[in-house]
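The values are calculated or read from the model by the stated rules, or taken from the named source; none is laboratory data. Only a predicted model underlies this, so the values are computations on that prediction, with no experimental measurement involved. Here the Cβ is made from the backbone with ideal geometry for all residues, glycine too, and neighbour counts use every protein chain on show. Only protein heavy atoms, including side chains, enter the accessible area calculation; ligands, DNA and RNA are left aside. Shrake-Rupley method; radii C 1.70, N 1.55, O 1.52, S 1.80 Å.
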Amino acid sequence: MSAVTTPARTSGPAPARSGRRTTFSGGNPLVYAIALVVVAVTLGPVLYGVLGGFRTNAQLAEDPAGLPSPWVWDSYAGVLSAGSPFWGYFLNSTIIAVVTTAVVVVFGIMAAYPLARYRFKGREALFMVFVIGLLFPATVAIIPLFILITQNYHMGNTWWGVALPQAAFALPMTVVILRPFLQALPTELEEAAQLDGASRVGFFWRILLPLSGPGMVTVGVLAFVGSWNAYLLPLLLLQGDMRTLPLGVADFSSEHSADTAGVFAFTTLAMIPALVFFLAMQKRIVNGLQGAVKG
């Protein structure tokens, strides 16, 4: 018998594949390019205003697009000085925004709770009233609202006269966000609480409110930022020392039109509180909106 021998396999590097395509693993470069353009267009004026506050009027006139050289703090120091009207505007904006936020959160959660957890006739129709409220801007009702606040309720040129209408127009968005968030909470929690002797009101205060923290933070931040940036309603209802920061920016710009650096500094300082507050609560806002979407 003759043995059959097979040729030994030689080990070696595998042949390289031809025609392999190298792709950009991070995504479409065109999308990144468009995003960079949008960011530049959005943040460009903001950065220009911030840096303009660190320059003098002579520097701005000589080279409008240049960088501060040297950096000058006089404009910011002048806005923050003790005799500046900035602090009065800041106090008014803060109080109105805090009152608006508190009213929106308290009444929003109280309105969203029965719409989310109770079953009664006309529930969906009542919820549609809040949904339709999203299509009703405050500009449409500004004249009747002005007459109602100033003549009927005599709350013109007051904090409450601005905070309450702002909260009323913010309630539809609040209910629309909170309702699906509350619906997403399992019914087993409410059933277990009832077995332990808790009423629906007790379940609301002891269990539902702590679990609804992300949703309430979300609507609270949106209400605060919206109130801080409001312009039309405070313009009609507030006068003199009761004016808010957006109105103060307009007044300062008209009174000190020749002081371009001072206007840049005043505008920058006016937008910092709302910006810092929004960035600090950014993760909580995302969590609250995710809960609303899942619901």
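Among the candidates Leu235, Leu222, Leu247, which residue alone is farther than 18 Å from Tyr76 by Cβ, open to solvent by less than 10 Å² (accessible area, probe 1.4 Å) and not small (Gly, Ala, Ser)? Reasoning before the result, please.
On the way: Leu235 fails: open to solvent by less than 10 Å² (accessible area, probe 1.4 Å); Leu222 fails: open to solvent by less than 10 Å² (accessible area, probe 1.4 Å).
Every option except Leu247 fails the conditions.
When the residues of the range 137-167 are filtered to those that are under 22 Å from Val106 (Cβ atoms) and not in a helix (DSSP H, G or I), which remaining residue is modelled with the lowest pLDDT?
Among those residues, the one meeting the criterion is Ala138.
Just for the range 181-191: of the residues that are of a type outside the set (Phe, Trp, Tyr) and open to solvent by less than 50 Å² (accessible area, probe 1.4 Å), which one is farthest from Ala111 (Cα to Cα)?
If we filter the range 181-191 for residues that are of a type outside the set (Phe, Trp, Tyr), which is where we start, we get 182-191.
When the remaining residues are screened for being open to solvent by less than 50 Å² (accessible area, probe 1.4 Å), the result is 182, 185, 190.
Details: Leu182: 11, Leu185: 16, Glu190: 18 Å.
Applying the filter and picking the extreme gives Glu190.
Wholly within the range 212-271, which helices (runs of 4 or more DSSP H) include no fewer than the required count, namely at least 2 residues that are more than 28 Å from Pro68 (Cα to Cα)? Before the answer, list the steps.
On the way: elements: 213-228, 232-237, 245-255.
The qualifying helices (runs of 4 or more DSSP H) are 213-228, 232-237.
I'm told Ala168 meets every condition in (1) surrounded by 13 or more Cβ atoms within 10 Å (Cβ to Cβ); (2) closer than 25 Å to Phe90 by Cβ; (3) within 20 Å of the chain's Cα centre (by Cα); (4) touching a residue at least 12 places away in the same chain (Cβ under 8 Å) except one. Can you identify the failing condition by its number?
Just one mismatch for Ala168, condition (4).
Against the condition surrounded by fewer than 20 Cβ atoms within 10 Å (Cβ to Cβ), hydrophobic (A, V, I, L, M, F, W, C) and in a helix (DSSP H, G or I), how does Ile109 come out, does it pass? Can you show your working first?
Details: surrounded by fewer than 20 Cβ atoms within 10 Å (Cβ to Cβ): no; hydrophobic (A, V, I, L, M, F, W, C): yes; in a helix (DSSP H, G or I): yes.
In short, no.
Taking only the range 34-88 into account, find how many residues are open to solvent by less than 50 Å² (accessible area, probe 1.4 Å), of a type in the set (Gly, Ala, Ser), in a helix (DSSP H, G or I) and under 19 Å from Val249 (Cα atoms).
5
For the range 90-102, enumerate the residues that are open to solvent by 30 Å² or more (accessible area, probe 1.4 Å) and in contact with a helix residue (DSSP H, G or I) (Cβ under 7 Å, 6 or more places away or on another chain).
Step one: of the range 90-102, the residues open to solvent by 30 Å² or more (accessible area, probe 1.4 Å) are 90-91, 94-95, 98-99, 102.
Scanning the range 90-102 gives Phe90, Ile95, Val99.
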